[in-house]
Amino acid sequence: MPDRGTPATLGSTTLNASVLGDDRTIAAIATASGRGALAIVRASGPGVQALAAALLTPVPVRARRATHAVLRDADGTVIDDVVATLFFGPHSFTGEDVLEIGTHGGAVVPAAVLSAAIRAGAREAEPGEFTRRAVLNGKLDLLQAEAIGDVIDARSSAALRLARRQLDGGLSERVVQLRAQVLALEALLAYDIDFPEEDDGPVPRARIMEKAEQTLGALEMLLSTGAHGALVHAGALVVLAGAPNVGKSSLFNALLGEARAIVTEIPGTTRDAIEAVLDLPGWPLRLVDTAGMRDTNDPVEQMGIDVAARYLGRASIVLACVDSAASASAVAVLRAHTNASVITVRTKGDLVPNQYEFDADVVVSAQSGLGLTALLEMIEARLATEHGLVTTDAPVLTRARHRVAVDEACRELEAFLRTWRDEGMPASVAATHVRSAADALSELIGAVYVDDVLDVVFRSFCVGK
Ligand SMILES: Nc1nc2c(ncn2[C@@H]2O[C@H](COP(=O)(O)OP(=O)(O)O)[C@@H](O)[C@H]2O)c(=O)[nH]1
Ligand SMILES: [Mg+2]
């Protein structure tokens, strides 16, 4: 396994070619590319102090002190005025010596600073490599490392709260507790394996069964948070649908409070689906504006309609928009395309009601703003009824990886219980299932480092994180 467990030499490096040449010292631009006032280039590894000495005048020597310095390339060319901060391992993000260099932003300076660091002996970091080192050095567990990715990728305040909670270790604690229960069960079984001759071993079978059932129940409870976690993570899919020209795109824009979709008087303009995240206090919404559902010979428009049908299949809520008797017939078509909860929305509520009467759940106007708040409240109420309230206090599974691991632990405990009830089976056979359940949970928090697991977790990270 690469990089594991050699932070011992930290803090004692000197300017020395072998350390500078050590590919264990990594560097990357940590900030997003593009125009900006400042950027951060950071480095981590045993050669960091030598790197600081090679690049910076004056050389920062004390940890956690911002040092204003001039950064020069190997040939003495001044690249930038910077503010550099050293952290000595293990008291750093990665657990190794770390150097953070605050440079001017933009396209050229951060790249030139990174090149200078590489010329001075650092190696360019892989995506997620800083966080990976933090995990390998025991600064974070895998769930917390994923939470860092989630904090960065959060598209709503609810998703951010969930990620923050996971970063603080809430989910890790719960998984560690559950794993401890599984291990305690394994310990009870060990007695039984040691005393196979006794009719009823030192620990009664019924007591072991009870423990296993309790643990299984707790794991199932955690597993049941998975759907909720995925929904908060991605946002509940709310699809605007209905006949062409009923005002879907206008409503989409009015709800977002900004002009994102093309609004036009020609029926059939929204030919693909347009998506935006609406950051409501209760539930984050993925609001999708679709093409109108109607028969058409235009192949491009038909594609848009197919996209709409696909979204309808995955929606949490469909807003069936209606502005006339003719468009009301589309509601039945929509219901046929979806299992989602349908809210019927009478649009263009500002127009003088003509003879047309439609008993909609809510009347809105994109133009006057009538009913928009009521509609959002109705969406939140429906989501709360169907998926509960967004709770970020209790630990929640947020990723498929989590659900797979906890599901596996559940299935192993079920298999254990089946084997255990069948009294002819020796305890040692049943115990293998308990071991597998513990392994699944260990892998989830990264208590055992499986390279494949690390690869999956860090693949999606940005360079410099
Ligand atoms: N008076 C009024 N007209 C609206 C309202 N919403 C949309 N419209 C008009 O209805 C037409 C179609 O709107 P659009 O949003 O493109 O409909 P879509 O095809 O369902 O996306 C446009 O002429 C809009 O200006 C509204 O709330 N009040
Ligand atoms: Mg439209």
Verdict on Ile379 being more than 16 Å from ligand 1 (Cβ to nearest atom), among the β-branched types (Val, Ile, Thr) and not in a loop (DSSP other than H, G, I, E, B)
yes
Check whether at least one residue in segment 153-162 is of a type in the set (Lys, Arg), in contact (Cβ under 8 Å) with a residue 60 or more places away in the chain and in a helix (DSSP H, G or I), and report yes or no.
yes
Please go through segment 302-323 and give me each residue that is at pLDDT below 85 and surrounded by fewer than 24 Cβ atoms within 10 Å (Cβ to Cβ), ordered by number.
Gln302, Met303, Gly304, Ile305, Asp306, Val307, Ala309, Arg310
Qualifying position, being in a strand (DSSP E or B) and touching a residue at least 60 places away in the same chain (Cβ under 8 Å), among Arg132, Arg42:
Arg42
Residues satisfying the stated conditions in segment 212-237, i.e. surrounded by 17 or more Cβ atoms within 10 Å (Cβ to Cβ) and either within 15 Å of ligand 1 (Cβ to nearest atom) or not aliphatic (A, V, I, L, M) (or both)
Thr215, Thr225, Gly226, His228, Gly229, His233, Gly235
With the structure loaded, tell me whether Ser365 is within 15 Å of ligand 1 (Cβ to nearest atom) and either under 30 Å from Gln177 (Cβ atoms) or crowded, with 18+ Cβ neighbours inside 10 Å (or both) or whether it fails that test.
yes
Going residue by residue through segment 422-429, is there one that turns out to be of a type in the set (S, T, N, Q), farther than 30 Å from Asp323 by Cβ and at pLDDT 90 or above?
no
Residue check for Glu96: within 28 Å of the chain's Cα centre (by Cα) and more than 30 Å from Gly229 (Cβ to Cβ):
yes
Within segment 419-450, can you find the residues that are without any contact (Cβ under 8 Å) to a residue 60 or more places away in the chain and either surrounded by 20 or more Cβ atoms within 10 Å (Cβ to Cβ) or part of a helix (DSSP H, G or I) (or both)?
Thr419, Val429, Thr432, His433, Ser436, Asp439, Ala440, Glu443
Answer yes or no as to whether Ser442 is under 22 Å from Leu167 (Cα atoms) and in the same structural domain as Gln166 (by TED's automatic domain parsing).
yes
Please name all residue pairs, on different chains or six or more residues apart, with Cβ atoms under 7 Å, provided the first residue is in segment 241-258 and is under 12 Å from Thr290 (Cβ atoms) and the second residue is among the aliphatic types (A, V, I, L, M) and near ligand 2 (Cβ under 8 Å from one of its atoms).
Ser249/Ala261; Ser249/Ile262; Ser249/Val263; Phe252/Ala261
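The values are calculated or read from the model by the stated rules, or taken from the named source; none is laboratory data. The model shown is predicted, which means the values in this text are computed figures rather than measured ones. Neighbour counts are summed over all protein chains in view; Cβ atoms, including those assigned to glycine, are modelled from backbone coordinates with ideal geometry.
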